[in-house]
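To start, the structure under review is shown below, and the notes come after it.
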Amino acid sequence: MRNARIHPRLLGYLGRALSLELSAVQQYLTQAVLTQAWGLAEAAERFRAETAEEMEHAERIVQRMLMLGVAPNASQLRPAGVARGLAELLLQDAALEDEIVTLYAEAVDFCRRIGDGDNAAFFDALLAEETAHAQEIDEWLAQLGVRAMPQVAERAYF
Ligand SMILES: [Fe+2]
Ligand SMILES: [Fe+2]
């Protein structure tokens, strides 16, 4: 039974985190299969490794939810995008990783504000790993000669 002391917003963050992590599993798995089909064996291997890392994140969230006495409830699995080339796939990854980083940063802030140090530390560890993922994707794009544009840069300021 659900612990009545759990803040509903904490459950919201966990549910959104599980949805995004499982979406990342689906996206990287799709990219592993696509790049394998394109003959890019090295890229396929990297995407398989990413798939495993995102799966491990999903597992940590499921563990935390069960520990809190709530049923895992991911409800919004995103369709994996398809693309014509590796750079296009990586731009989709950069967008997804940025979204996950933003979610975890918000979750850490919220948990700290309500004095929940344990869950703040839980989200902070995930935040560090996703920040590293986002940097790796940006570096990979840079090697391909593509610059990942943060969404904010697409807005015009006059
Ligand atoms: Fe992840
Ligand atoms: Fe990630």
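Values quoted throughout were computed directly from the atomic coordinates according to the rules given, and no laboratory measurement underlies them. All values derive from a computational prediction rather than experimental measurement. A quick note on method: Cβ atoms are made from the backbone with ideal geometry, for glycine too, and the neighbour counts reach across all protein chains shown.
Miscellaneous remarks
- Helical contribution to [θ] at 222 nm, DSSP H n ≥ 4, -39,500 (n - 2.57), averaged over the chain, rounded to 500: -25500 deg cm²/dmol
- Two numbers describe the Cα atoms of the chain: Rg and Dmax, which are 16.9, 54 Å.
- Test item: Cα-centred dipole of region 8-154, Lys/Arg +1 and Asp/Glu -1 on Cβ, debye: 440
- Selection from A74, A49, L127, by position along the positive dipole direction of region 8-154 (Cβ): A74
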